[in-house]
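See below for the structure under consideration.
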Amino acid sequence: MKYLVVTSLLVFISLFSCKKEELDFKFSGNVKAPETGENIQNAAVKIYTYSTGDNIETLKGSTTTDASGNYDIAVERSKFETLVIRVSKKNYFIDEKTYPIDDLTTEDQNAITHFLSPKSWTKFILKKGGVTASNDHIKIQKVSGKTDCEDCCKNETKFYYGNEDLDVYCLNDGNKYMKFYWWTIGSNTSNGIDSIYNTPFDTTSFTINY
């Protein structure tokens with residue numbers, strides 16, 4: 001009788017454990033660079049959930065990628081409406097993916113590929129000449145390059161006035177080009193069309209004299 005009770009208890013625990021695992025969302029992901037396909041090691045992976053009717057995010061799990069850029073993480077299924085996977089690493093742009101709960105499965109791995117783009121910078125060096133007039137200025141029209149980040153420059157026309165040299169930085173994806181038109185207006189009039197190839201994690205300078 002004692003043996004039967006112990007056996008029944010073990011079976012119950014086993015079934016409960018299996019049932020709990022079935023209610024977990026399991027994620028298997030890979031993080032890589034978009035242009036080169038290089039796997040990115042030690043990227044931080046965090047999973048947040050949002051409950052129905054509010055905008056408060058709750059951290060449900062976190063891990064880091066291995067040497068092959070892979071990660072595995074499980075999140076217990078609970079009452080939430082949306083799940084967000086946020087992947088980040090220093091000097092890379094954040095990758096964030098959002099999933100309604102109905103798009104996820106507890107029956108199999110949720111396989112996801114993330115792309116982290118390396119950051120790079122364009123530095124416009126605006127240099128004043130010798131004798132200049134008060135209305136001398138530079139016009140730069142950026143027409144390509146990243147625009148959807150806090151420190152990115154919009155694809156628009158900007159005017160720069162002043163009697164001192166000025167440095168203007170524009171953030172861009174590494175391994176991408178930034179194209180722009182420029183004009184010097186006033187004492188020294190000139191113009192041009194140029195593009196800069198942005199090397200990952202580096203700053204590329206372009207000087208305009210006026």
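Quick one: is Thr98 under 17 Å from the mean Cα position of the chain (by Cα) and modelled with pLDDT under 95?
no
Does Lys142 satisfy being surrounded by 15 or more Cβ atoms within 10 Å (Cβ to Cβ) and at pLDDT 85 or above?
yes
Of (1) modelled with pLDDT under 95; (2) over 29 Å from Ile185 (Cβ atoms); (3) under 24 Å from the mean Cα position of the chain (by Cα), Asp108 satisfies all except one. Which?
Evaluating Asp108 over (1) modelled with pLDDT under 95; (2) over 29 Å from Ile185 (Cβ atoms); (3) under 24 Å from the mean Cα position of the chain (by Cα) leaves (3) as the failure.
Assuming Phe159 fulfils every condition listed in (1) out of contact with any His (no Cβ under 9 Å at 6 or more places or on another chain); (2) free of Cβ contacts under 8 Å to residues at least 24 places away in the same chain apart from one, which condition is it?
Of the numbered conditions (1) out of contact with any His (no Cβ under 9 Å at 6 or more places or on another chain); (2) free of Cβ contacts under 8 Å to residues at least 24 places away in the same chain, the odd one out for Phe159 is (1).
Looking only at region 163-196, filter to residues that are surrounded by 13 or more Cβ atoms within 10 Å (Cβ to Cβ) and assigned to a loop (DSSP other than H, G, I, E, B); which one of those is modelled with the lowest pLDDT?
That would be Ser187.
Can we say Lys119 is surrounded by 14 or more Cβ atoms within 10 Å (Cβ to Cβ), in a strand (DSSP E or B), on the phi < 0 side of the Ramachandran plot and touching a Leu at 6+ places or on another chain (Cβ under 8 Å)?
yes
Among the listed residues Thr106, Thr98, identify the single one that is of a type in the set (S, T, N, Q) and in a strand (DSSP E or B).
It is Thr98.
If we keep just the residues of region 128-152 that are of a type in the set (A, V, I, L, M, F, W, C) and closer than 25 Å to Gly186 by Cα, which is nearest to the chain's Cα centre (by Cα)? Working first, answer last.
Start the filter on region 128-152 by keeping residues that are of a type in the set (A, V, I, L, M, F, W, C), which leaves 131, 133, 138, 140, 143, 149, 152.
Pick out the ones that are also closer than 25 Å to Gly186 by Cα and you get 131, 133, 138, 140, 143.
Working: Val131: 45, Ala133: 43, Ile138: 32, Ile140: 26, Val143: 21 Å.
Ranking the candidates gives Val143 first.
Out of curiosity, is Ser144 small (Gly, Ala, Ser) and assigned to a loop (DSSP other than H, G, I, E, B)?
Yes.
Has region 127-135 got at least one residue that is touching a residue at least 60 places away in the same chain (Cβ under 8 Å) and exposed (fewer than 13 other Cβ atoms within 10 Å of the Cβ)?
yes
The values are calculated or read from the model by the stated rules, or taken from the named source; none is laboratory data. Computed from a predicted model, the values in this text were never measured in an experiment. Because the Cβ atoms are built from the backbone with ideal geometry, glycine has one as well, and the counts that use them run over all protein chains shown.
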